[in-house]
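One structure below.
The values are calculated or read from the model by the stated rules, or taken from the named source; none is laboratory data. No experiment lies behind these values; they were computed from the predicted model shown. Glycine also receives a Cβ, built like all others from the backbone with ideal geometry; neighbour counts cover every protein chain displayed. Remember, those area values only see protein heavy atoms, side chains included, never the ligands or the DNA or RNA. Shrake-Rupley method; radii C 1.70, N 1.55, O 1.52, S 1.80 Å.
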Amino acid sequence: MTLDLQQAARDHLWMHFTRMAAYEDAEVPIIMRGDGCYLEDANGKRYLDALAGLFAVQIGYSYGDEVGRAAHAQLKELPFYTNWSYAHPRAIELAHEVAQLAPGDLNRVFFVSGGSEAVESAWKLARQYHAAHGERRWKAIARRTAYHGTTMGALSINGIAAIKNVFEPLVPETFHVRNTNRYHRPDEETEDEFTAFLLDDLEEAIIAAGPSTVAMVIMEPVQNAGGAFTPPAGYFQGVRAICDEYGILLCADEVITGFGRLGEWFGSTKYDIRPDLVTSAKGLSSAYASIGAVIATDKVFEPFMGQQSMYTHGITFGGHPVQCAIALKNIEIMKREQIVENVRDNGTAFRDTLAQLLDLDIVGDLRGTGYFYALELVKDKETKAGFSDEDSETLLRGFLSPALFERGLICRADDRGDPVVQISPPLIAAQAQFDEMTGILGDVLTEAQERMHVTTRALAGEATREPGTRIP
Ligand SMILES: Cc1ncc(COP(=O)(O)O)c(C=O)c1O
């Protein structure tokens, strides 16, 4: 008897960050297979995956055979051994490879199973690093609206209240500073003034927190949540200088930006961030395996070389040999197929193609770099006014997400900050895919724009007659 996947999904599968009730009467989207930048569902319908899984599948979906052979060979040779007190060839080779690709003296690699674990491990490592120097520092500083994961430490670091509040009390003590969203800053503010404004805010937060108690500042090279916030000129040099002044470790969260998405192996290289720690996951294996890594500089590693010292942390699956074999094969493919070069070569064409969408009234801003973009949606382009919470819900969840999916485009309508559409395709995407996604986005956003005018006016009218009533 073959399993009825729809029914079994409804009965047993608990999907992540998913309103399961939405599928009581609707089909669960079941993705069956992938090739290149495309996916196919259980009904045989094809989708262009403009989100690369979740910002992860750098090489696209067609390398399963080759990666599978590497996994198979590893399973035959050594299906598992741990990195607790032992090494094995694939973990050593992968650590070597990652250290070669990472900038500067980021030479030491600690493997974990994913991005949240990487952030969690980086924060613990920062605390223990300071303890080894006789200092008790525990606080973490991150940016508003930033997403860094879901385990308790990583969750506490997030700058998104809506996904944190229900889990309080969280891990104390985290602080949040301004992010690099320039779209809503005054028009007359120069880039230098913006940088100075952000750096003042960071320094004030550190001073208010008590500089000698702050263990780590953690920031993405380009912040995803809120919509691809790139740094203004001089920003990361300023952040580095402030961290140095107060003896704080700087962690670049490269879970998304690592392994090519910005057109460099690491975003830290692109922006010359010089972090003490890098967290990575997704692209390390193109998500063909669940593996992540914390990468530390020689300076951070140094106190752990004492005769009695160790980093008091470990995870059974960290550095799993099969996962390492898959990640090694992914990097080999990325080099052979010149995946990072593809991003560098096509980045401008990608931006130029997406920029056509700026002609629409509803598209206020296009921002990002490499293969990592977001469109900010606005109610009024002149004033840059956004949507109310209720309108955002109607627009993003009620219309945009299903309409894009219906049209065969997977990207993400996100309202963790101002409403944005996130576009982050596999790094093999080329002009044909840029055109396809821009075409579909153009059609759907044009319709959204028309609907939102109607809905907005109708909602306002409704509210005066009968508060709380919603137009379906
Ligand atoms: C910047 C960043 N850090 C950490 C994470 C958490 O990674 P994971 O979902 O693998 O735990 C994510 C996930 O999207 C992320 O974008």
Members of region 42-68 found to be assigned to a helix (DSSP H, G or I) and in contact with a helix residue (DSSP H, G or I) (Cβ under 8 Å, 6 or more places away or on another chain), listed by number
Gly53, Leu54, Phe55, Glu66, Val67
Kindly indicate whether any position in region 41-49 is within 30 Å of Lys270 (Cα to Cα) and under 21 Å from the mean Cα position of the chain (by Cα).
yes
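Condition check ((1) outside the structural domain of Arg261 (by TED's automatic domain parsing); (2) within 19 Å of the chain's Cα centre (by Cα); (3) open to solvent by 30 Å² or more (accessible area, probe 1.4 Å)) across all residues:
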{"site": "Ala205", "(1), (2), (3)": "no, no, no"}
{"site": "Pro211", "(1), (2), (3)": "no, no, yes"}
{"site": "Ala215", "(1), (2), (3)": "no, no, no"}
{"site": "Glu220", "(1), (2), (3)": "no, yes, no"}
{"site": "Ile242", "(1), (2), (3)": "no, no, no"}
Could you check region 1-41 and list, in sequence order, the residues that are open to solvent by 100 Å² or more (accessible area, probe 1.4 Å) and touching a Phe, Trp or Tyr at 6+ places or on another chain (Cβ under 9 Å)?
Arg33
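Here's the yes/no breakdown for (1) assigned to a loop (DSSP other than H, G, I, E, B); (2) β-branched (Val, Ile, Thr); (3) surrounded by 14 or more Cβ atoms within 10 Å (Cβ to Cβ); (4) more than 16 Å from the ligand (Cβ to nearest atom):
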residue: Ala95; (1), (2), (3), (4): no, no, yes, yes
residue: Gln100; (1), (2), (3), (4): no, no, no, yes
residue: Val109; (1), (2), (3), (4): no, yes, yes, yes
residue: Ala140; (1), (2), (3), (4): no, no, yes, no
Within region 68-93, residues being hydrophobic (A, V, I, L, M, F, W, C) and surrounded by 15 or more Cβ atoms within 10 Å (Cβ to Cβ) number 3
If you scan region 174-187, which residues turn out to be open to solvent by 30 Å² or more (accessible area, probe 1.4 Å) and farther than 16 Å from Ala146 by Cα?
His184, Arg185, Pro186, Asp187
Only strands (runs of 3 or more DSSP E) wholly contained in region 320-435 count here; list those with 2 or more residues that are open to solvent by less than 20 Å² (accessible area, probe 1.4 Å) and either closer than 17 Å to Asn224 by Cα or of a type in the set (A, V, I, L, M) (or both).
363-369, 372-377, 420-423
Looking at region 430-452, which of the residues that are touching an Asp or Glu at 6+ places or on another chain (Cβ under 9 Å) and in contact (Cβ under 8 Å) with a residue 60 or more places away in the chain is farthest from Asp49 (Cα to Cα)?
Met452
Residues satisfying the stated conditions in region 142-169, i.e. open to solvent by 60 Å² or more (accessible area, probe 1.4 Å) and within 16 Å of the ligand (Cβ to nearest atom):
Arg144, Tyr147, Thr150, Met152, Ala162, Phe167
Restricting attention to region 188-195, does a residue exist that is open to solvent by 20 Å² or more (accessible area, probe 1.4 Å) and either over 30 Å from Glu382 (Cβ atoms) or touching a Lys or Arg at 6+ places or on another chain (Cβ under 6 Å) (or both)?
no
